[in-house]
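Data first, discussion second: the structure below is written as structure tokens.
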Amino acid sequence: MQPIQTVCFDTKPYDLPGLTRYAEVCGISFRFLEAKLNAQTAALAEECGAQAVCIFVNDVADAAAIDRLTAGGVKLLALRCAGTNNVDLAHAEGKIGIIRVPGYSPHAVAEHAMAMLLSAARHLHKAYARTRDFNFSIRGLTGMELYEKTVGVVGTGRIGSVFASLCKGFGMRVLAYDKFPDPASDLDYVALDDLLRESDVVSLHCPLTEDTRHLIDRDRIAEMKDGVILLNTSRGGLVDTSALIDGIKSHKIGAACMDVYEEEADVFFEDRSEDILQDDRLARLLTLPNVLVTSHQAFLTREALDTIARETCYGIRRYFDPTA
Ligand code: NAD
């Protein structure tokens, strides 16, 4: 079999070792591009003679991009991520194959959520900055113990259920909400309103769909406990950013930990330190002492990168050669 010509969009240095290693085993010839996929850049796939295109979370496979890819002969869209919110799945149906890596490492994301929670609860981000500046005062760094606090886990799939176990390990009471509760789970499922009312910490682990866009809006924030810690390691669009900022300014929200952000597409994953940040809401969030932002890095562990590369390459291979 000839090598499967595959164009990889939005390639970052950390993608290369794994993809290159498994490409060799799976008979894939990658062309690595830094450009993100969109309706304009989709033409690059045809120029490279691609049979498959490999994309990440901020590439946009909308109807126009999909039409351009298929017109250029692309048969497969391989997502090297779990979520599919950046792909027009309905439009893709019957036109182009879609594969993704659904469960590459729930522990990577769940552990990052816990790391953010611990940092916020014990002000580690502030302590780090202080001691680096030879400021050894601990004034204002009084923390909150997790033990016996209530955490609300929204979405109890692969990542949410691992996060719930980590919280139980800390002696927390775990409440869960899921649109499709797992009947085999021993989690304590409650209505979303009850979860929000009772939780000291709320952590989001459901996918971004039309149903969940701005799941956390002004009304839901009003329902939460005063001083709640909100964690979002899922997708930025789950939270209405303006409502979040108002919730923090009014002290309703005690801390917000965000690995994802509604308008992250042109900012996250890039070094913008030389630029004037154009996004005023992100700039405002970054001025707040009780907000922790990481740049969509919850997935970024050695173990997860290896699984992503392996599953992506074997998935591409199996698509073109089902007997492999
Ligand atoms: P999963 O499919 O295993 O679990 C998602 C859960 O959400 C399911 O139990 C589902 O029933 C539930 N759900 C669906 N609609 C819901 C709704 N309207 N309200 C409440 N719950 C709902 O997915 P997962 O692997 O656990 O991943 C969860 C999310 O984490 C993904 O959708 C992705 O967006 C995000 N993610 C982020 C990173 C990162 O680096 N920050 C990495 C991987 C995944």
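For region 112-193, the Cα gyration tensor yields ellipsoid semi-axes of 33, 12, 10 Å (square root of five times each eigenvalue, largest first, whole Å).
Between residue 2 and residue 211, the distance separating the two model label sites (each 7 Å from Cα on the Cα→Cβ line) works out to 4.3 nm. Once the Cα atoms are used to define both axes, helix 302-320 deviates from the longest principal axis of the chain by about 30 degrees. The calculated 222 nm mean residue ellipticity attributable to helices in the chain amounts to -10500 deg cm²/dmol, summing -39500 (n - 2.57) over DSSP H runs of n ≥ 4 and dividing by all residues. Taking every Cα-Cα distance in region 1-48 and sorting them into 10 Å bins starting at zero, the pair-distance distribution P(r) comes out as 26, 50, 24, 0 percent. Compactness ratio for the chain: Cα radius of gyration over 2.2 N^0.38 Å (N = residue count) comes to 1.06. Neighbour counts of C-beta atoms inside 10 Å place 246, 280 in the sequence 280, 246, starting with the fewest.
The Cβ shell under 9 Å around residue 243 holds other residues with a net charge of -2, Lys and Arg each +1, Asp and Glu each -1. Each of 75, 249 was scored by other Cβ atoms within 10 Å of its Cβ. Arranged with the fewest first, they read 249, 75.
Footprinting exposure proxy ranking of 1, 224, 114, fewest other C-beta atoms within 10 angstrom first, gives 1, 114, 224. If a/c stays under 1.5 just call it rounded; otherwise compare a/b with b/c (prolate if a/b is bigger, oblate if not). Do that for region 147-220, with a ≥ b ≥ c from the square roots of the Cα gyration tensor eigenvalues. Cα axes put region 147-220 in the oblate bin. Basic side chains Lys and Arg get +1 at the Cβ, acidic Asp and Glu get -1 at the Cβ, and with that the dipole of region 106-293 about its Cα centre reaches some 780 debye. Between the helical axis of 158-169 and the longest alpha-carbon principal axis of the chain there is an angle of about 30 degrees. Scaled to the globular estimate 2.2 N^0.38 Å, the Cα spread of region 106-293, given as radius of gyration, is 1.02. Charge dipole of the chain (Cα centre as origin; +1 on each Lys and Arg Cβ, -1 on each Asp and Glu Cβ, all else neutral): 720 debye, rounded to the nearest 20.
Post the alpha-carbon centroid distance, region 7-47 to region 265-286, in whole angstrom. Here the two parts' Cα centres lie 26 Å apart.
Of all chymotrypsin sites (Phe, Trp or Tyr not before Pro) in region 96-171, which ones are in loop regions per DSSP and have a Cβ with at most 12 other Cβ atoms within 10 Å? Show your work: numbers first, answer last.
Numbers: sites: 104, 128, 134, 136, 147, 163, 170; in loops: 104, 134, 136, 147, 170.
Qualifying residues, ordered by number: 134, 136, 147.
Relative to the longest principal axis of the Cα atoms of the chain, the long axis of helix 106-122 makes an angle of roughly 30 degrees.
Suppose a student asked you for the relative contact order of region 106-293, using Cα pairs under 8 Å spaced at least 6 residues apart; what percent would you report?
About 19 percent, as a whole number.
No lab work stands behind these numbers, since they all come straight from the coordinates. This is a predicted model, so every value here is computed, not measured. Heads up, the Cβs are rebuilt from the backbone with ideal geometry, glycines too, and the neighbour counts pull from every protein chain shown.
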